Each structure stands twice: as structure tokens, then as C-alpha cells.
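These notes are about the structure you will find just below.
Every number here is computed from the coordinates shown, using simple stated rules; none is lab data. Since the model is a prediction, treat every value here as computed from it, not as a measurement. Neighbour counts are summed over all protein chains in view; Cβ atoms, including those assigned to glycine, are modelled from backbone coordinates with ideal geometry.
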């Protein structure tokens, strides 16, 4: 005999058993017996989610944790969905019926009648063309994990932003102009006069003071002081008082450097104004302005930028994550062609000329800038390094077309948690029973704890093994020569399902006809299985 339920001694243990998959279905009740004159019942009670009260219904509920609760306010309830009074459960609804009886039509009515509904249509996830399916699969994976890509490439984005305004050709022209003007100034001494001989005429401006590094250090220190989540860990290595003292000293240093920066800017501006007036009055050649330090720093930044990008393009695995029987792997490497960049941009931009410069990261950046506004500057960094996502099966091999479809279905169902209702049309049309039972049933059951789910099926693995909270059956019936479309519904443990206009059908007949191909086929299969077993 299979035992499915067990008594618990407290609400706490009841909740613990509900949340622990390997535990029995919990029941919490007193030892009081119904007797004549009893007017009150013990508060130690277990509520079950069913319609007709029968031994079979109680037994069915005690096989499924989703159908027991400590309070009549817990669990699922019914709500109206159509104007004729048709209801659904707030939990898991299974919709069955013969072909052309209105099942898909009913799902579409639900999709149109409610807002924020996720509708997974029949065959929508099935692989048709291997190449197109694989391409679509990779695009969807990249979109779904764009946040990971963004985080991984964040440092590269900062480096790109740091060099994006550097123009080495302009720097080279500036040096050439400076040298030419200096030679001309030295050669044409006869033109020198009192104005050109003034000290300020050829005075070099102060180099600009960059406080970026100090500002970042101040912000980091501030974060360490304010952080409460990891306070204990921080305090083990850096005392709060030491951090505060560091913050004060850094702010003092920032103030001094800022004062120095403002003074130098003021002096540079003043010298620039005086030099400009001297240059207007003199006949001597003017020496071009040049900031050798800035030019040297630009060259060094570009050199390091090239090295960093080439290092970032080296092929390697950057992530490996388990996802419901599959393994998601992310790898980085270089782009292999302009077509891959075009796919990443999801636009009609031609990357052929841009890709010609791909081997030189700096030249490639300049080529990207020539695309004008067709690519936003904030997106440039994505084109330096390619991130590929692959799905591996349980054997560690690349997922096949069918396995990719299975992964898609699980992802679609998981993503539906952000919606208010989930509709699924015949998943068995695309997937085998073992996958449906081991993977799909569990995740659908979990989601139905938080939102209404309506599942259309002809398959007993989905329709019966999943233990729905509510059962619906669509029928096309001819009465007096007129077609009548009806929906019969009720709890799966009820003997009969009822339509909005009061008609009834036997739940047994519906289940056997729609999920088991009829009683005769069911009995024949049962005998065949018994023969094999014995």
C-alpha cells in the first residue's frame, strides 16, 4: 500500500512539509469525533481543495500538497472569466476536448479578455529549419542574458569611453604644426619685436590636473563607510574610524588639488588672453599651442587600449550555469565576420568596411564612429568582443534541435512568472512524455501556486499526472440541427462536470475520451502493461 499523507503536530511542521518535496502530504487535525450534540469543532483542521465531498475526492487531495491548507482562505478559489458565468481556478486548470471543439478558441478568448497574459501557442517553439532555428536560439539567449553580458563588458566599456575622444592623427598634426611654427619663429628673427620678445608671448600653459582617480577613491571609501550589508566583514579588516579618517584626509587633499586646478585654469586663461593680444600686435610668427603631456598620455592610453582589447578577445569560458537539466555556457572570443556584427546590431547597417579594421582596436573604434548615429556610443564596446551562449544537454553535448525546443519551453514558462495568467496550448505536440512529466509538469505546478494557469492537452501525462485543480471540457453538440458550443467544468474529483446553462457530462467519460482514447483502449493498454510486467 502506498502511503501519501502523514499527520503533523503543529502548523509549523505542516508548513515545513508543504515546502519540502520529499515529505508526505501533511494533515493537521484533532482526535474529536462527530457525535450528536456537537456544536463546535477543534481549531486543528485541514482544508482540502475539491468539489464533491467523497472518499475518492479526499483520497485524491491527500496525494497532492497543492490541494491541502491550514485555512479555508488559503489554497485556490474560483473566479469568473466569461459573461455566461464560466469560472476558472486561481490555480492549475486543464482544458480538454475533442478536435475542433473550441479549445484553442477558448484560449484566445482568455488571451483577449485579460491583460498581461502569456500565451504559448501550439508548435510555436518547434524547430523547423536547423540553421534558422539555431540562429534564433542564439539571438534569444543573447537577449535573455544581456544583463550578464553588460556586467562582463562593463570594464571594457569604461576603457572605450576613456579613449573614444582621442584622435592620434590630430595629435600628430598638432606636433607638426608646433615644430613648424617653432622653426619659423627661430628663423625669422628680424621680425621679432618688443611684443614677441615678451615672456608671456611663448609661455606654455599649465598642464591640466585630472582628479578622476581621486574622486573614484573617495567614492569607494564612502561606499565602505555606508555599507551595512557587509559591515561585519569590512570591520574585520578596516575599522570604521580609520575609514572615516581616510575619507576626511582624501576630501582635504581633493580640496587642495581642486583649489590648485582652479588657480591654474585661471592663470592659463589669463595668459591666453595676454598672448592673444601680443600676437595681434606683433609681426613675428606665432608658436602653435601644444600640450606634450596630453599627447604622450593619449598615445599611452591607446597602446594599453589595444593590448587590453586583444587580451579580452582571447577565447575562453566565462560562465557555466545549471538550468533545469541543461547547462548554460558562455564563452568570449573575437567576431569572425561582419555578418555576426550585423546580427548583434539587429539592424540593416553594413559592417563590411568597419570589420576590415577589426584587428586594430583603435582603428576599429574610429571606423565605428564613422557610422554616425546608427550605433549609439554607449553600444560601441559590444562590437569589440563576442559573447556566445551554448546549451549543453545532460551528457555535456551541444543541445539538438529538439532539446533546444525543450529548453525554450522551460524558459518561456519560467518567464511567464512576470505575467498575470499563463495559457499553454498542447505542449505534447512538440515534446515527449518523459520530458513533460519530469520537467514541464513540475514547473507548471509551481507557477500555478502564484497565478492562474490554463493548459490545453490530449495527453494523460500532462492532463492527469499533473493533478490539476480544475477541469474544463469543450464540446461541439448538435441540438435540433443547430451547433451548440459548450464548456463543461468542475473539480477533477467531481463525478460530473457542469456547463453554464446547467448541462452535465460524466467526468469519467470526459477523462477517458479525451486523455485515454476511450475506456476500451485504456483497458487494453493496462492489460498489455500487466503482461509486460509479469
| Considering only DSSP beta bridges whose two residues both sit in the chain, what percent are antiparallel, to the nearest 5? | 65 percent
| Can you tell me the Rg and Dmax of region 438-534, counting just the alpha carbons, in angstroms? | 15.9, 51
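Kindly rank 255-268, 350-363 from highest to lowest mean number of other beta carbons found within 10 Å of each residue.
In decreasing order of mean packing, 255-268, 350-363 become 350-363, 255-268.
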| query | Taking the mean number of other Cβ atoms within 10 Å as a proxy for protection, how do you rank 467-473, 227-233 from highest to lowest? | reply | 467-473, 227-233
| said: Between 0 and 90 degrees, rounded to the nearest ten: what's the tilt of helix 154-163 against the longest Cα principal axis of the chain? | reply: 20 degrees
| If you stretched the chain out fully between residue 121 and residue 268, how much longer would it get, using 0.36 nm times the residue separation minus the C-alpha to C-alpha distance? | 46.0 nm
| said: Per 0.36 nm of contour for each residue apart, how much would the distance between residue 173 and residue 208 grow if the chain were fully extended, relative to their Cα-Cα spacing? | reply: 10.5 nm
| remark: The residues 275, 504, sorted from fewest to most surrounding Cβ atoms within 10 Å, come out as 504, 275
| said: Output the 0 to 90 degree angle, nearest 10, between the alpha-carbon long axis of helix 212-226 and the longest principal axis computed from the alpha carbons of the chain. | reply: 40 degrees
| Any idea how far apart residue 74 and residue 215 come out in nm if each label point goes 7 Å out from Cα toward Cβ? | 5.5 nm
| task | With a point put 7 Å past each Cα toward its Cβ, work out how far residue 317 is from residue 353 in nm, to one decimal. | result | 4.2 nm
| said: Need one number: nm distance between label points at residue 414 and residue 393, each 7 Å from Cα along Cα→Cβ, rounded to one decimal. | reply: 1.9 nm
| said: Can you compute the equivalent ellipsoid semi-axes for region 438-492, i.e. the square root of 5 times each eigenvalue of the Cα gyration tensor, sorted largest first and rounded to whole Å? | reply: 29, 12, 8
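Using the 10 angstrom Cβ neighbour count as an exposure proxy, how do 458, 116 rank, fewest first? Walk me through the numbers before you get to the answer.
Values: 458 18, 116 9.
Going from least to most buried by this count: 116, 458.
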| task | Assuming R0 = 30 Å, can you tell me the calculated FRET efficiency for the pair residue 534 and residue 54, based on Cβ-Cβ distance, to the nearest 0.05? | result | 0.40
| query | For the chain, what Kirkwood radius comes out of the mean inverse Cα-Cα distance, in Å? | reply | 31.0 Å
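For residue 47 and residue 157, what is the calculated FRET efficiency with R₀ set at 56 Å and r taken between the beta-carbons, to the nearest 0.05? Before the final figure, lay out the partial values.
Numbers: r = 55 Å, r/R0 = 0.98.
Efficiency, from the Cβ-Cβ distance: 0.55.
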| Highest-first arrangement of 445-457, 420-432, where packing means the average Cβ count within 10 Å | 445-457, 420-432
| said: Can you compute the radius of gyration and Dmax for region 347-496, using only the Cα atoms, both in Å? | reply: 24.9, 80
